[in-house]
Amino acid sequence: MSRRRKTRAPAGTGLRHVVSINDLDNAELETIFVRAEDLLKKLGGKDDKHAIRKSTDIAQGRILASIFFEPSTRTRLSFESAMIRLGGSVITSADPATSSAAKGESLADTVRVASNYSDIIVLRHPRDGAARYAAEFADVPVINAGDGGHEHPTQTLCDVFTLRRDRKTLKGMNVAISGDLRGSRTIHSFVYALARLKANLLLMPAKGMELPAHVDARLREEFDLTLAPRDMHDASVDALYVTAKEPHQLALYSEAQIRQSAEPALNRVDAVYVTRFQKERWKGGAQDYPKIDRKFLDAPKFRDARVMHPLPRVEELDIDLDADHRAAYFRQAAYGVPVRMALIALLLGLDDRIHLTRYPAGFKDGVDPLYRRPGDTGLRCANPNCIVHDPHEGQRTENKFNVIMRGGAPVLRCFYCETDIRDFVFASKHRKRIFGEAVPASLLPEHIADLIAFTSAGEALEAGFHPAQPLPGRPRKKASG
Ligand code: NCD
């Protein structure tokens, strides 16, 4: 937790946006869950303890704008229901074909305009990083309702709320995740939250659909997860991440111990989270996509497992399970209303008792130094689906990266889509000299404005920079490229 960063608010506004699940710290997550519980108790119907049936008026006079550039049923309807249940109103642009996007309007302009018509914006967009980008142009809080394959933080709020309702704590819980781990934005937000809340992750990706490399790297490097031996589980489990520095540290068991162990923690799965093949994010079709059905769940270790799914489901989750006591997916969807009510109330400061800290202007604490690509020169985000490559945004997009130090070497993380770039060289703009791999950590914060990143030393040489020289007192390292 200590190394996680909160999003820097746009200079001068102090606004809070929820783009990534990591924009909310653990205490804020807990605040949202407690408030959602409270709303369920107060406003839930007597006949159905999982749904909000009554309304309040705390958001009277406030307007939520839902702007959806991708299909949605649950997320949009539950956000809109949540705002109306809070006593507020909703304006919607849910069909890009009937909005000015069809005329070529940029997302930046759409958001600027919608800021004048509303108090809070909920945005879904096909580009990774679109929500962070939109937040830069908005004068009101922006909530990410799914940005490409990047994140879907409010789905994670519903998912964790569901688990937490049943078991009180996620600590030590074994959560298996099946399907398209690469393309599913819901999974990316979910695994960060699980790691932060000290659950163990069992990954069951469809073939070729493992977690993106940068998500996997963050789990290990920022959230202190370690990978347990592969054959700790049967063949259907591809990897098990376990929370480190905990007394139940499974990674310390030998494989033989694990096989012989009678310890329930090693043989129990508390939840199986199933995801659809994200066909809109892949070129081809899926082969041998895993299907979760009664037969799969027959194994004793799944006896008490909650079966979860963000929905919509297609073929990957058997409808036979709907009547099974372990099925949690319709509850997960129902909780979308109280959880999103709690989040909206928090972001709009509607509740006297609970507050989000408003970041002061120029908030800096814990924020990594930011590298801005100067003009048209040097490295761009490596993710082709990142918002910075969207032709509609034209000159407005800027390639920006947080500089993260990993074992003494800098990593560039796209400010918008959070894809990491590990292979690049830094050079000094002022001295026209390539630093190669030899950029010391101490150089970064003070000299960041002088740095320019290239994909390789060769590219830097072509741009008129001089070859790398050893830094004083450091052994010469080979410049790559
Ligand atoms: C998810 C999404 O849009 O990412 N749906 C949702 O919001 N519940 C999952 C999906 O589409 O598969």
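Some observations on this one:
- Inter-label distance, nm, simple model (7 Å from Cα along the C-beta direction), D351/S89: 2.6
- Note on C414: accessible area is roughly 0 Å² with a 1.4 Å probe, heavy atoms of protein only.
- Most to least accessible of S93, S115 (protein chains only, probe 1.4 Å): S93, S115
- Rounded to whole Hz, the Karplus (6.51, -1.76, 1.60) HN-Hα couplings of region 287-299, x for glycine and proline: 10, 6, 5, x, 10, 9, 9, 4, 4, 4, 7, 5, 4
- Exposure ranking of K432, K46, K171 by accessible area [1.4 Å probe, largest first]: K46, K171, K432
- Summing Lys and Arg as +1 and Asp and Glu as -1 over all other residues whose Cβ lies under 12 Å from the Cβ of R373 gives a net charge of +2.
- Distance between the pseudo-spin-label points of E221 and D298 (7 Å out from Cα toward the beta carbon): 4.4 nm.
- Inter-site label distance for E280 and S100 at 7 Å from Cα along Cβ, in nm: 2.3
- Full extension of the chain between Q287 and H466 yields a length gain of 59.5 nm, computed as 0.36 nm times the residue separation minus the alpha carbon distance.
- The smallest convex shape that holds all Cα atoms of region 370-469, its convex hull, gives 95 Å³ per residue.
- Computed with a 1.4 Å probe on the full set of protein chains, the accessible area for T377 sits at about 60 Å².
- In Å², nearest 10: area of H214 left accessible to a 1.4 Å probe: 40
- From largest to smallest, the equivalent ellipsoid semi-axes obtained for region 78-151 from the alpha-carbon gyration tensor read 19, 14, 13 Å.
- N267-R431 FRET efficiency (beta carbon distance; Förster radius 45 Å; 0.05 resolution): 0.15
The values are calculated or read from the model by the stated rules, or taken from the named source; none is laboratory data. Note that the structure is predicted; figures quoted are calculated from it, not measured. Every residue, glycine as well, gets a Cβ built from its backbone with ideal geometry; the counts of neighbours run over all protein chains shown. Calculation scope for accessible area: heavy atoms of the full protein, side chains included, ligands and nucleic acids excluded. Shrake-Rupley method; radii C 1.70, N 1.55, O 1.52, S 1.80 Å.
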